[in-house]
Amino acid sequence: MSFQAQSNDPSPEVIVFGGTFDPPHNGHAQMVEAALNHFGAAEVIVVPAFAPSAGGEGLKSVVASFPQRVEMARLAFAATRRVKISTVEQELSTPSFTLNTLRFVSNQVAEKRLALLLGQDQFEAFPKWHEPKAILNLADLIIIPRPREMNRDSTLAKIAGEVAENLGTSLNWKHEGVIATTQEGSNFYLLPAQVCQAVSSKIREQIKSGAATPPGWLTDSVRNYINKHQLYRNNED
């Protein structure tokens, strides 16, 4: 499903996609492709986290170094059009809060409308992030479902309503239920994309145990980089 934005509902022009990317996998790349397919004039800035925050509280552990995760991101998204890899978070304060990154990007792209690309799991946790309402003042949210995390009583629209309630706001639905606008004017775009079920933590576990990762989870270039640098084999996750 695709939609056309109305003149009073401008589409995102710059989409920020952050994460640890430890390692980046084809699910990440497919999320970016889905966003670019829906927003034909947009570009995506992929931002590997320098010192990722654990739900807004403390630091989240990573295994691969920042330069390694940046290089793997370059490899993972090399075939994806209109994508830039940014190392900006190494220049910002730590932990690497999304709000600080968006403020930096906002200053760089002038008047262009920003959006933040999230998987369903991140979206559900969004109210617990560092200053989530300040994030919404800067950017819309683009949410990609992860069917493995859904149950028969949950839909992405229902989850969006719960997120809004936890944020203390309400939603106005439009465009056949794929866009919701908060009372403050930020948009939630729910994209009905299908992405592979790759999970970075499971990839690390499989590599560490000597098991093969499922077909289609990693690009050959990322897999070769992991093998060359012996990543995830003798490290504690």
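Using the Cα centre of the chain as origin and beta-carbon charges of +1 (Lys, Arg) and -1 (Asp, Glu), tell me which of ILE144, PRO12, VAL83 is placed farthest towards the positive end of the dipole. Working it through, the farthest residue towards the positive pole turns out to be VAL83.
Taken along its three principal axes, the alpha carbon spread of segment 101-141 comes to 30, 18, 13 Å, from the longest extent down to the shortest.
For LYS133, the lysines whose Cα comes closer than 24 Å to its Cα, not counting residues fewer than 8 places off in the same chain, are LYS60, LYS112, LYS158, LYS174. Averaging the sequence gap over all C-alpha pairs within less than 8 Å and six or more residues apart, then dividing by the number of residues, gives segment 37-166 a relative contact order of 24 percent. Exposed loop sites are taken as GluC sites (Glu not before Pro) in a DSSP loop (any state but H, G, I, E or B) with at most 15 other beta carbon atoms within 10 Å; the longest stretch of the chain without one runs 112-175.
Could you grab the relative contact order for segment 47-99? Cα pairs under 8 Å, six or more apart, rounded to a whole percent. For segment 47-99, the relative contact order is 56 percent. Would you be so kind as to identify which of LEU114, PRO67, HIS175 lies farthest towards the positive end of the dipole of the chain, taking Lys and Arg as +1 and Asp and Glu as -1 on Cβ and the Cα centre as origin? So the residue furthest toward the plus end is PRO67.
Counting Lys and Arg as +1 and Asp and Glu as -1 over every other residue whose Cβ lies under 10 Å from the Cβ of THR98, the net charge comes to -1. Building the convex hull from the alpha-carbon atoms of the chain and averaging its projection over directions returns 12.8 nm². Pairs of Cα atoms nearer than 8 Å and 6+ residues apart set the relative contact order; for segment 78-232 it is 17 percent.
Taking 0.36 nm per residue of separation and subtracting the Cα-Cα distance, full extension of the segment from LYS60 to ALA134 would add 24.5 nm. Summary of the geometry: segment 165-237 and segment 99-150, compared by the centres of their Cα atoms, lie 14 Å apart. Using Cβ point charges alone (K and R +1, D and E -1), the dipole size of the chain about the Cα centre works out to roughly 600 debye. Calculation over all alpha carbon pairs of segment 10-114 in 10 angstrom steps from 0 returns a P(r) of 15, 46, 34, 5 percent. Note on ALA41 and GLU205: the extension gain reaches 55.2 nm, defined as 0.36 nm multiplied by sequence separation minus the Cα-Cα distance. If the segment from LEU92 to ASN234 were pulled out straight at 0.36 nm per residue, it would be longer than the present Cα-Cα gap by 48.1 nm.
Could you give the dipole magnitude of segment 26-85 about its Cα centre, charging the beta-carbon of Lys and Arg +1 and that of Asp and Glu -1, in debye to the nearest 20?
120
Projected label points at THR80 and THR155, each 7 Å from Cα along the beta carbon direction, are separated by 2.8 nanometres. Taking a sphere under 14 Å around the Cβ of VAL46 and counting the other residues whose Cβ falls inside, with K and R at +1 and D and E at -1, yields a net charge of 0.
Read-outs: derived from the displayed coordinates by stated rules, not from any lab. Just so you know, these numbers come straight off a predicted model, no measurement behind them. All Cβ positions, glycine included, derive from the backbone under ideal geometry; neighbour counts span all protein chains shown.
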